[in-house]
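The values are calculated or read from the model by the stated rules, or taken from the named source; none is laboratory data. Quantities reported herein were computed from a predicted structural model and do not represent experimental measurements. Note: ideal-geometry Cβ built from the backbone for every residue, glycine included; neighbour counts use all protein chains shown.
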């Protein structure tokens, strides 16, 4: 059954979905800063496309994919606008932001690692590109909005991206086929992130000695 | 008469002027942070060249234009030094900064869009490159100096860049000739920004529900 | 005797050493933010590779050297992990951070200028690349951790990078041979930085008029 799916199409749709949820999370951060609708569009688009943009600059895949095809930017602008009008109706914007961010993180850690594999990078570098793609959009969002980095919060943020990318790489090298590898990595990352959010899991934070 | 102007020369001079005013605005932010003269030069140069640099990285126009031709960096360094000595004599540094920033913004939204048009990008992407070129130098400046983003202030900041780039694109596609299109976009952006500064115009900021 | 050293090997080792000390400084900043071990690895790696990465993007040397060769990322990850466990035992983490940063700064201002010379850039641009390579890793670290920029502190931060790069360029153009030029630049930068740290040297900070 899995063979029937057109893989590149699937990855493309997942990529668009990841961009969309990150754009929502960016727009919700703009809401916290009380920006106007164009601020929403700027921060939403930066968050949606930021991780993939930094990944492609580092890999030298220029000009950017979103310069050539206007769909990606158009999608982010549209989603950010919708968020501007819908956000006041959300019961909990903070909760929505966290879960949107979790889904985007879980998708992008896999697609980032996948692209690095296609470029022939070593495994440790592929995991890094999973982390870069998954976290740098959110890092950009937090730096631009002047919030404390999501990184310095608990809840296994970078860990999830490492786990998702590693599971994907493992399945990829076991030869399970890309569809299973992609879903396996995505589900591993999302499950761990969900558990971390729900039960407040965390790695031990660094403790300063005697104080 | 317009045909008599050497267009590429004109655009080049306008570009240098935009870089210079952004360098002044960066150096004035360094003044607010009480940096030394080399801090002025660093922040001034980053602000002057930052927007165009990010634009060219995304378009894959590497190595950077300012690596090949030392004029741009030299200009920023010179302007930043002059600002270091002149700033104490300014009646209102804050006001100077705002107006320098307004002129730079209005110039760069047009030249950014123009370069994207030359690369054959779709209209929505051309407007984005206008916004990127116009605002990212200032965003870099604010992030590095630890100030609240100019974005989250009122006064139509991103809006101006969108309007300037759109007017330029409209005139360009109407076939008015580049000189008129460039000046039209510049004047539209500057007029709107001036009105916004003087009368405090703004788009409605996002309002949190019931609070 | 100097001719006996294999220069490219030497520069490679110095580069690795510079990356390692910057990774330590990044990891120590992560300690100040009480991050978990993966936060240490992320901030350590970003600080170690950030300056060189921005340099190579601007020069168009893509894909990144550390994408092709996993050694650099592996080194940063390893060093950051070790720092996580060793940091509590350091008598003064703050002091260690400052000196690690000083060594990294002094090495990278020279290697950055050297790479720009190899690309045929003008002298002022070569000095800029020395500054970019030496300071942007630390700037990234400070922005991501939400600390005040090391730039806005006294102690001649940018000045050291300028001096190191300039001494290297001077010796290079005098034809002393690369080994002497590299060491001369490194020692000049480190001596000045040490003096600045020990005796609190600084350039005059910008003073606001009448206040």
* Select the helices (runs of 4 or more DSSP H) contained entirely in the range C:1-109, then report the ones holding at least 3 residues which are free of Cβ contacts under 8 Å to residues at least 12 places away in the same chain and away from every other protein chain (no Cβ under 14 Å). => C:7-32
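Just give me the residues in the range B:17-31 being surrounded by 15 or more Cβ atoms within 10 Å (Cβ to Cβ) and either at pLDDT below 85 or within 12 Å of residue B:108 (Cα to Cα) (or both), in sequence order.
Here is the first cut: in the range B:17-31, the ones surrounded by 15 or more Cβ atoms within 10 Å (Cβ to Cβ) are B:18-31.
Within the range B:17-31, B:18, B:19, B:20, B:21, B:22 qualify.
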* Asked: What's the number of the condition residue C:132 fails, among (1) modelled with pLDDT of 90 or more; (2) more than 11 Å from chain B (Cβ to nearest Cβ)?
  -> (2)
* Asked: Hey, among the residues in the range C:165-208 that are within 13 Å of another protein chain (Cβ to nearest Cβ) and assigned to a helix (DSSP H, G or I), which one's nearest to residue C:94 (Cα to Cα)?
  -> C:196
